[in-house]
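Here's the structure, in structure tokens; my notes come after.
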Amino acid sequence: DPKCFWLTNFLETLLVQVWYPMTVCTQSRFQKISIAKYLEETGNTDWTIPGGVCFKLHDFGFRGVSSVESAAIGGCAHLVNFLGTDTVAAMICARDYYGAKKAAGGSIPASEHSTITSWGVDGEVDAMRNMLEQYPEGLVACVSDSFDIWRACKDYWGDKLKDLIKGRITDTKFGRLVVRPDSGDPAETCTAILKILLEQFKEDVTLTPTGHKLLPAYIRVIQGDGVDWQSIPKILEKLKKEGIAADNIGFGSGGALLQKLNRDTFKCAFKCAEITINGESRDVFKDPITDKGKASKKGRLTLQLASETTGFCDADKYQPRSDKNPVPGGTGFLHYSSDNKYVTVASGKGDASKDIMVDVFKDGQLLVDYTLEEIRAKADIKNGPFGGGPA
């Protein structure tokens with residue numbers, strides 16, 4: 001329509017913003033995969049809520065994002081994969097827009113540095129004792145690196161406060177102290193801390209089926225500094241090599257989870273692929289000679305299962321432009337995913353009846369209104385908390 005030719009670009013600008021929750025959710029999910037891998041390899045046996053992966057990556061990101069809206073959207077994307085969050089706005093988003101009938105995540109009482117350091121250096125152990133006494137049951141986390149993390153773990157938690165910690169589990173109650181380091185090299189610091197705690201509480205340490213050491217249920221560690229999709233497997237790999245079970249540790253991630261990413265992290269973009277001029281359809285694409293990574297797909301597209309896409313030959317597989325293949329836009333129209341499970345059939349050569357893309361919003365109408373429960377089931381992994389994912 002000549003009167004609103006600008007509308008397409010306006011709507012594209014809004015729609016492209018889905019890059020943010022998509023990217024948060026995908027990175028969060030791959031961190032869940034890493035954690036589940038090491039839990040399995042170091043002998044974890046309890047995969048049901050609250051065990052397994054569901055509370056192993058906690059959202060600390062509210063203060064690290066640009067707005068309350070970002071916290072809500074990104075934090076809700078993280079809740080697709082995990083149950084641990086300090087981002088209250090995310091739970092409101094899940095309730096208001098994704099049908100969550102109860103809190104979509106949870107947290108525990110936790111100290112932060114000023115609630116410890118305000119007691120002074122000599123009063124640090126008293127501040128820690130106060131946390132245990134104020135919250136005598138259930139889980140409580142305490143930051144422990146305000147001054148000397150090694151002293152805190154060996155002399156305070158492992159000696160002066162040891163009886164208070166062990167007394168959190170009785171015949172009538174369950175409790176757990178979660179020790180939080182917050183500085184230093186994550187892999188080195190976590191390993192050293194866990195070695196100290198395993199020694200100080202050795203009378204109650206057990207071995208998993210794979211022979212890895214596991215702290216008693218009344219004490220664990222959470223690493224909340226420098227945590228992202230790259231550091232988590234490094235930490236867990238080092239612990240595994242040292243004979244320490246992955247179930248001893250959880251993670252908290254803030255800016256890295258909700259803010260240390262951008263639209264180029266997964267190269268999220270929408271491009272015009274087909275245009276109709278005077279009733280005639282025409283393929284549209286871009287293929288900059290200076291950047292092969294920006295080549296776009298041509299024509300009307302269908303996303304199909306590779307197993308259901310037959311009748312084509314090798315010459316139909318997409319080959320990008322190169323010195324040997326100088327055709328702009330490349331040749332072929334079958335774009336396979338990296339795992340060869342899916343294929344995007346370009347140039348209108350796909351079978352619309354096999355297209356697995358789902359119309360969600362059309363002509364001003366919301367056609368599908370997914371709930372958080374449905375999304376969680378689709379995104380879950382083997383031994384995940386939400387009963388979905390691949391077999």
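The values are calculated or read from the model by the stated rules, or taken from the named source; none is laboratory data. Just so it is clear, the model here is predicted, and its values are computed rather than measured. Ideal geometry is used to build each Cβ from the backbone, glycine not excepted, and the neighbour counts take in all protein chains shown. Calculation scope for accessible area: heavy atoms of the full protein, side chains included, ligands and nucleic acids excluded. Shrake-Rupley method; radii C 1.70, N 1.55, O 1.52, S 1.80 Å.
Descriptive notes on the structure:
- The set of residues in region 307-329 that are in contact with a helix residue (DSSP H, G or I) (Cβ under 8 Å, 6 or more places away or on another chain) and open to solvent by less than 40 Å² (accessible area, probe 1.4 Å) contains only THR309.
- Filtered residues of region 34-57 (kept if open to solvent by 60 Å² or more (accessible area, probe 1.4 Å) and either of a type in the set (Ser, Thr, Tyr) or closer than 18 Å to LEU258 by Cα (or both)): THR45, THR48, PHE55
- Looking only at region 58-87, residues that are open to solvent by less than 10 Å² (accessible area, probe 1.4 Å), of a type in the set (S, T, N, Q) and not in a loop (DSSP other than H, G, I, E, B) come to 1 in all.
- Of all residues in region 350-368, those satisfying the criterion of being outside any helix (DSSP H, G or I) and in contact (Cβ under 8 Å) with a residue 40 or more places away in the chain are GLY350, ASP351, ASP355, ILE356, MET357.
- If the condition is being assigned to a loop (DSSP other than H, G, I, E, B) and β-branched (Val, Ile, Thr), then region 311-349 contributes only VAL327.
- Output for region 164-192, where each listed residue is closer than 17 Å to VAL143 by Cα, in a loop (DSSP other than H, G, I, E, B) and in contact with a Gly (Cβ under 7 Å, 6 or more places away or on another chain): ASP182
- No other residue among THR13, THR26 is exposed (fewer than 11 other Cβ atoms within 10 Å of the Cβ), among the β-branched types (Val, Ile, Thr) and either more than 20 Å from LEU215 (Cβ to Cβ) or in contact with a Pro (Cβ under 7 Å, 6 or more places away or on another chain) (or both) apart from THR13.
- If you filter region 153-211 down to residues that are within 21 Å of SER253 (Cα to Cα) and of a type in the set (A, V, I, L, M), you find that the one that is surrounded by the fewest Cβ atoms within 10 Å (Cβ to Cβ) is ALA192.
- Counting only strands (runs of 3 or more DSSP E) that sit wholly inside region 225-306, those with at least 1 residues that are open to solvent by less than 60 Å² (accessible area, probe 1.4 Å) and touching a residue at least 12 places away in the same chain (Cβ under 8 Å) are 249-253, 274-277, 302-305.
- Neighbours by Cβ (under 7 Å, 6+ apart or cross-chain): first from region 161-172, over 15 Å from TYR135 (Cβ atoms); second in a loop (DSSP other than H, G, I, E, B): LYS166/TYR218
- The one condition in (1) touching a residue at least 60 places away in the same chain (Cβ under 8 Å); (2) open to solvent by 50 Å² or more (accessible area, probe 1.4 Å); (3) aromatic (Phe, Trp, Tyr) that TRP119 fails to fulfil: (1)
- Within region 206-259, tally of residues that are within 14 Å of the chain's Cα centre (by Cα) and of a type in the set (A, V, I, L, M): 5
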